[in-house]
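**Student:** One structure, as structure tokens, below. Some questions next.
All of the numbers you see were taken from the coordinates with simple rules; none came from a lab. Values in this document were obtained by computation on a predicted structure and should not be read as measured data. Cβ placement follows ideal geometry from the backbone for every residue including glycine, while neighbour counts extend to all protein chains displayed.
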Amino acid sequence: MSRLDRTIARLQAQKYSIEAAAAALEKTPGVIFELGLGSGRTFDHLRTIFPDRQILVFEQAVDTAPSYTPTAEQLILGEITTTLQQAVEQYTDSVALIHADIGGPDHLANAQLARALSQHYPRLLVHGGWLIANRAEAVFAGSSPITLPNEVAADHCYLFRRT
Ligand SMILES: C[S@@+](CC[C@H](N)C(=O)[O-])C[C@H]1O[C@@H](n2cnc3c(N)ncnc32)[C@H](O)[C@@H]1O
């Protein structure tokens, strides 16, 4: 598989997983957490697919075009191991969906970060709430895996539900 193929597969996995979450969570109230703004691709898809939900975006350094930049109320700027921990008190049992596409080019560091963040998911997510993650290491205590949508190739997105 070429790098182009992998990139297309990853973007499709994100798109179809987010859309599957929207259908599954239609009657589940809660905030949406976007972990990692990047160029704002998935943030823009989330706000399109979930127009009536509060979306909070966690990012250490914003570098997006203005039209894909979250508002000041939506953005939680800083090192995510600190900002997500701080968010736990305010958003306990309040989050319907966490979309975690966080990290950089260092795969080992990304795995460590995914594990570190996953400790907060059981407190943040409502029962039945979803995690869509870019790393398998994001699995958290009290979760069950969700079958991938048909359009999603294995190993590009990892889906879990808080039981
Ligand atoms: C792959 S990009 C996200 C791409 C985004 N989902 C999109 O569709 O455009 C990962 C993002 O995680 C952010 N990031 C990486 N490590 C971080 C950390 N420790 N704290 C906060 N943000 C971090 C990077 O700055 C980067 O913007």
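**Student:** Just grab the label-to-label distance for Ala111 and Asn150, each label 7 Å out from Cα along the Cβ direction, in nm (one decimal).
**Tutor:** Computed distance between label sites Ala111 and Asn150 equals 3.4 nm.
**Student:** Shifting gears a bit: Ignoring GluC sites (Glu not before Pro) that are buried or in helix or strand per DSSP, and keeping those with at most 11 other beta carbon atoms within 10 Å, what is the longest stretch of the chain between them?
**Tutor:** 80-163
**Student:** Which value, to two decimals, describes the C-alpha radius of gyration of the range 59-154 once divided by 2.2 N^0.38 Å?
**Tutor:** Normalised by 2.2 N^0.38 Å, the Cα Rg of the range 59-154 equals 1.14.
**Student:** Still on this structure, please answer the following. Taking every eigenvalue of the Cα gyration tensor of the range 3-162, multiplying by 5 and rooting it, what semi-axes result, largest first, whole Å?
**Tutor:** 19, 19, 17
**Student:** Label the range 110-163 by shape, choosing from rounded, prolate and oblate, from the square roots a ≥ b ≥ c of the eigenvalues of the Cα gyration tensor; if a/c is under 1.5 it is rounded, and otherwise prolate applies when a/b is larger than b/c, oblate when it is not.
**Tutor:** Since a/c reaches 1.5 but b/c is at least a/b, the shape of the range 110-163 is classed as oblate.
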